[in-house]
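The values are calculated or read from the model by the stated rules, or taken from the named source; none is laboratory data. Keep in mind that what you see is a predicted model, and the values were worked out from it rather than measured. All Cβ positions, even for glycine, are placed from backbone atoms using ideal geometry, and neighbour counts span all protein chains on display. The accessibility values were calculated without ligands, DNA or RNA, using every heavy atom of the protein model including side chains. Shrake-Rupley method; radii C 1.70, N 1.55, O 1.52, S 1.80 Å.
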Amino acid sequence: NAGVTQTPKFQVLKTGQSMTLQCAQDMNHNSMYWYRQDPGMGLRLIYYSASEGTTDKGEVPNGYNVSRLNKREFSLRLESAAPSQTSVYFCASSDVGQLYNEQFFGPGTRLTVL
Amino acid sequence: SQKIEQNSEALNIQEGKTATLTCNYTNYSPAYLQWYRQDPGRGPVFLLLIRENEKEKRKERLKVTFDTTLKQSLFHITASQPADSATYLCALQNTGGFKTIFGAGTRLFVKA
C-alpha cells in the first residue's frame, strides 16, 4: 500500500499562473483533506471532502478550489496563484468514526509563488 | 477564535530522560485530542488519541494527559532516544471529526 500520494513534490509558479495539486489514497478512506503548513503556524484546513461527492470549506478556502474525482482522488486547484500561497501543501485521508479518527498524510507539495 | 498553543521554543533533553510537551487551547471544547509526529520534509504521523472523558492514555513509552478544566494536554516520552527527535503536533477534533485544528508544534531534540 502506498498510502497517500501527492504530485508534484515541488513546484515554482509565477504570480497569476494556475496549477492543480493531485492527491490519491489507496486505503479506501471516505474522507479526504487539504491543508497548508506555514512556518510558525499549525496545519490549516483549506477544504475537505467528508465522502465521495461532497466538499466543504475549511479555515482558509479563499483562492482555492477542489474536486473529489472519485473515492481515491482529491485535487486542489489554484486558479491564479499569489505569493501568499507559497506554502507546503498536505493531503490527508481518514475514516471518520473509526477508533482513532487519525488522519494519514501524504509527503507534501512544496509550492513557491514568485 | 479557537486557538492552540504549543511551546514554540525547541526542547532539548538528554537521552534517557523524560520529555514533556505542552498543548494549551482556548475557545474550544474538543471531543478528541490527538498527537502527531512530524519529521523534516515529511507529513505528520498519528501517535495517540485521547477522548474528552479520558484523563490519561499510554502507548509504549508515550503518555498523554488531558485536563478539560485547564484546557491542557501534556505529552510525555519516557526513556527518550535520539530517534525521538522530531516536531510534535497537538490537534483538536470536534465530535464530527472532520475539522481538525492543529497547533504549530514543538521541536524536540534528544542528545545522545
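Numbers below:
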quantity	calculated
Identity of the residue in segment B:94-112, assigned to a strand (DSSP E or B) and buried (at least 20 other Cβ atoms within 10 Å of the Cβ), that ends up farthest from the other protein chains (Cβ to nearest Cβ)	B:110
Test result for residue B:8, within 16 Å of the chain's Cα centre (by Cα) and at pLDDT 95 or above	no
Condition check for residue B:64: open to solvent by 60 Å² or more (accessible area, probe 1.4 Å) and within 14 Å of another protein chain (Cβ to nearest Cβ)	no
Unique match (being within 14 Å of another protein chain (Cβ to nearest Cβ) and open to solvent by 10 Å² or more (accessible area, probe 1.4 Å)) among A:16, A:40	A:40
Residue check for residue A:78: surrounded by 15 or more Cβ atoms within 10 Å (Cβ to Cβ) and facing chain B (nearest Cβ under 9 Å)	no
When residues of segment B:4-20 are limited to those that are within 14 Å of chain A (Cβ to nearest Cβ) and open to solvent by less than 80 Å² (accessible area, probe 1.4 Å), the one nearest to residue B:94 (Cα to Cα)	B:4
Test: residue in segment A:69-84 that is within 15 Å of the chain's Cα centre (by Cα) and closer than 19 Å to residue B:88 by Cα	no
Residues (closer than 20 Å to residue A:25 by Cβ, free of Cβ contacts under 8 Å to residues at least 60 places away in the same chain and of a type in the set (Gly, Ala, Ser)) located in segment A:56-97	A:58, A:67, A:75, A:97
Inter-residue pairs, beta-carbon under 8 Å, first farther than 18 Å from residue B:96 by Cα and in segment A:40-55, second open to solvent by 20 Å² or more (accessible area, probe 1.4 Å) and among the β-branched types (Val, Ile, Thr), 6+ apart	A:42/B:4; A:42/B:101
Filtered residue count, segment A:94-114, keeping only those that are modelled with pLDDT of 95 or more and either away from every other protein chain (no Cβ under 14 Å) or open to solvent by less than 60 Å² (accessible area, probe 1.4 Å) (or both)	9
Selection status of residue B:55, more than 26 Å from residue A:32 (Cα to Cα), basic (Lys, Arg), open to solvent by 10 Å² or more (accessible area, probe 1.4 Å) and modelled with pLDDT of 95 or more	no
